[in-house]
Amino acid sequence: MNANQVRRLVVLGTGGTIAGRAAQANDNVGYVAGQVAVSDLVAMVPALSACPVDVEQVAQINSKDMVLGVWQALAARVAAHLDRPEVAGIVITHGTDTIEETAYLLQTLLRPSKPVVLTCAMRPSTALVPDGPQNLSDAVAVALHPGAQGVVVVCAGRIHGAMDVAKVHPYATDPFDSGDAGVLGCVEEAQLRMFRSWPQSAPEGTHDAAALQRLLSAAALPRVELIFSHANADGEVVRALLGHHAAARLSGIVVAGTGNGTVHDDLLRALKQAQASGVEVVVASRCAFGRVVPHSAQPLPDSAGLSPVKARLALALRLLEA
Ligand code: SIN
């Protein structure tokens, strides 16, 4: 970008509670997500009148209903805007429920050298004290911060890296945690205080364009099911999945194992049977912190530190390559 070019921001809306509306101002749970246009959310944030902004409504959904088509539309728009030299950063408004999966997807595919900042809210726009406007304002500060890069989630004044962030609380206005890694930094009165370095980016223009193209042209993601091991578990669900293997085109299973990725005996037998029939099996830990610590006797490949939901997406993306 030359010195005369204006640094623009892009704000992409996908829905979520940040765009939610309830019938009563004191109702923080009985609202409908994805109702308010992203242009109206942008109009509420003074920080966004200080720089040129392009605003696009990519989707208007509750993020629990995320589907491949929305991910494809979002990834395509993010990639296109990242290629514009005048764009300094991108902010995405998104529901909190699957924001960690979208963040993981975008970081894995794009590894952007500019900031791509997902933000959200836990209270609808109609709440007595909506948290969305402050979160959006903080996201703008991150997206305009010199040197910021990679995909991050900004909520409640904290900046989380895409690979580590997980939603850990269903109601609190600070519902995310970055586990052992910790947050990247925080935003205080539009100033950033950083504790860790930004997510790794690919040198300008060297992200895996083929991987992005595979996602964009896929009619469906390979079917990867996520199941839990628990007390009194057995292998019935896996055997039922295998029974429908051909019809359901089952390609992979991620099992959220107990503790260090251990799996109930009967479930493990069924998972081995799945492997033998060509289904890829990966084990993650159902623990909120830490990762499966690999060891030579582990019966199943582990998720390399990814949470169960991110491991499911990672396996689907890997199988898409096959
Ligand atoms: C959603 O994920 O779209 C609804 C819940 C939220 O944003 O908190």
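No value in this document is a laboratory result; all are computed from the given coordinates. From a predicted model like this one, the values you see are computed outputs, not experimental measurements. Cβ: placed from backbone, ideal geometry, glycine included. Neighbour counts: every protein chain shown.
Of note:
- Take the conditions (1) in contact (Cβ under 8 Å) with a residue 60 or more places away in the chain; (2) out of contact with any Lys or Arg (no Cβ under 6 Å at 6 or more places or on another chain); (3) among the β-branched types (Val, Ile, Thr); THR126 misses just one of them, which is (2).
- Residue match in the range 17-26 (condition: in a loop (DSSP other than H, G, I, E, B), of a type outside the set (Lys, Arg), within 16 Å of the ligand (Cβ to nearest atom) and in contact (Cβ under 8 Å) with a residue 40 or more places away in the chain): yes
- Answer residue from the range 30-88, given it is of a type in the set (Ser, Thr, Tyr) and buried (at least 18 other Cβ atoms within 10 Å of the Cβ) and is nearest to the ligand (Cβ to nearest atom) among those: SER63
- A Cβ distance below 9 Å, combined with a sequence gap of six or more or placement on separate chains, defines the contacts here; from the range 145-170, residues that are within 21 Å of ARG291 (Cα to Cα) reach residues that are acidic (Asp, Glu) and surrounded by fewer than 19 Cβ atoms within 10 Å (Cβ to Cβ) in the pairs ASP164/ASP180.
Residues are listed down the side, and each one gets a yes or a no for (1) exposed (fewer than 15 other Cβ atoms within 10 Å of the Cβ); (2) touching a residue at least 12 places away in the same chain (Cβ under 8 Å); (3) assigned to a strand (DSSP E or B); (4) of a type in the set (Lys, Arg):
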residue	(1), (2), (3), (4)
VAL238	no, yes, no, no
SER251	no, yes, yes, no
ALA256	no, yes, yes, no
ALA270	no, yes, no, no
VAL282	no, yes, yes, no
VAL292	no, yes, no, no
SER296	yes, no, no, no
LEU306	no, yes, no, no
LEU320	no, yes, no, no
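- Within the range 61-114, being among the hydroxyl-bearing types (Ser, Thr, Tyr) and within 15 Å of ALA139 (Cβ to Cβ) holds for THR93, THR96, THR102.
- Every residue from the range 18-60 that is closer than 25 Å to VAL87 by Cβ and polar (S, T, N, Q): SER39, SER49, GLN57, GLN60
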